[in-house]
Amino acid sequence: MNSIATLGSHCALQVLKGAKDEGFKTILVCEKRREKLYRRFQFIDEYVLVDSFKEVLDQKCSNILKENNAVIIPHGTLIAQMSSSEIESIKTPIFGNKWILRWESDRNMKEKLMVESKLKIPRSLQGPSDIKGLTIAKRHGAAGGKGYFLATNEEDYTKKRDKLVREGIIKGDQDLYLQEYALGVSAYLQYFYSELSGELEFFGVDRRYESDIDGLGRIPAQEQIDVDLIPSFNVVGNSP
């Protein structure tokens, strides 16, 4: 392996800066509309310009990456732009186990993984008829929060779901994952564990707002009116 490649979005700059610092050649698969932004960074050695990230599946892109003996570092955009079967068909080597990305793109499978790992998570709901309090509806995969919404009952959910369907963001209930909304402090930890060395490296922490939140002020007023927001700490894995 001589080169590190990744898609030009999400954490591409961190990935390629780190790769350059470690002495690797860096390659960015970059949408043409974003080229001007990334040209500002001197640690990117080569650009593979595409109209769509799906072109990484094409033979032309595969040949360029193969010639550079490259490995692709996956991140959220890969999951957002391609289906699991498309990702698994990529001929260029992908860092890690690309089969686990199927779990990453499906929230039900991800929940199963977390429960089996004995992590405490907010309860998921089987369908809109189970909504009895403040609930968050999330899209599957790495949607970056687009299409998420809060609902307090089935009627509220249906109205907001139908709006997303009309806008072409989702096709229906199958595209949404329902989870009880948990109040608390949110923290998004960034770390890397090496199976080779047995070492855990902690990089940092920031905020991500999905099913957790750090204050009632971030919840829209109507949802505050419609539901009792006293935290119940109703978390999978807790004793009754």
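The values are calculated or read from the model by the stated rules, or taken from the named source; none is laboratory data. Everything quoted here is computed from the prediction, not taken from an experiment. When we count neighbours, we look across all protein chains shown, and the Cβ atoms used for this are built from the backbone with ideal geometry, even at glycine.
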- Message: Just to be sure I understand, how many residues within the stretch 125-179 are under 23 Å from Lys110 (Cα atoms), at pLDDT 90 or above, loosely packed, with under 13 Cβ neighbours inside 10 Å and in contact with a strand residue (DSSP E or B) (Cβ under 9 Å, 6 or more places away or on another chain)?
- Response: 2
- Item | Condition met for Leu65 (part of a helix (DSSP H, G or I), hydrophobic (A, V, I, L, M, F, W, C) and modelled with pLDDT of 90 or more) | yes
- Query: For Trp103, which of the numbered conditions (1) outside any helix (DSSP H, G or I); (2) touching a Leu at 6+ places or on another chain (Cβ under 8 Å) fails to hold?
  - Reply: (1)
- Applying the selection to the stretch 188-204, what residues are loosely packed, with under 10 Cβ neighbours inside 10 Å and either charged (D, E, K, R) or in the same structural domain as Gly18 (by TED's automatic domain parsing) (or both)? Glu195, Glu199
- Failed item in (1) within 30 Å of Leu178 (Cα to Cα); (2) surrounded by fewer than 18 Cβ atoms within 10 Å (Cβ to Cβ); (3) at pLDDT 90 or above, with Leu7 passing the rest: (2)
- Message: Can you say whether Glu35 is more than 24 Å from the chain's Cα centre (by Cα) and either of a type outside the set (A, V, I, L, M) or in the same structural domain as Ile90 (by TED's automatic domain parsing) (or both), as far as the supplied structure shows?
- Response: no
- Matching residues in the stretch 121-150 - criterion: being free of Cβ contacts under 8 Å to residues at least 40 places away in the same chain and either assigned to a strand (DSSP E or B) or on the phi > 0 side of the Ramachandran plot (or both): Arg139, Gly147, Phe149
- Item | Residue check for Ile121: hydrophobic (A, V, I, L, M, F, W, C) and either surrounded by 18 or more Cβ atoms within 10 Å (Cβ to Cβ) or out of contact with any strand residue (DSSP E or B) (no Cβ under 7 Å at 6 or more places or on another chain) (or both) | no
- Query: Does Asn108 satisfy being exposed (fewer than 12 other Cβ atoms within 10 Å of the Cβ) and touching a residue at least 40 places away in the same chain (Cβ under 8 Å)?
  - Reply: yes
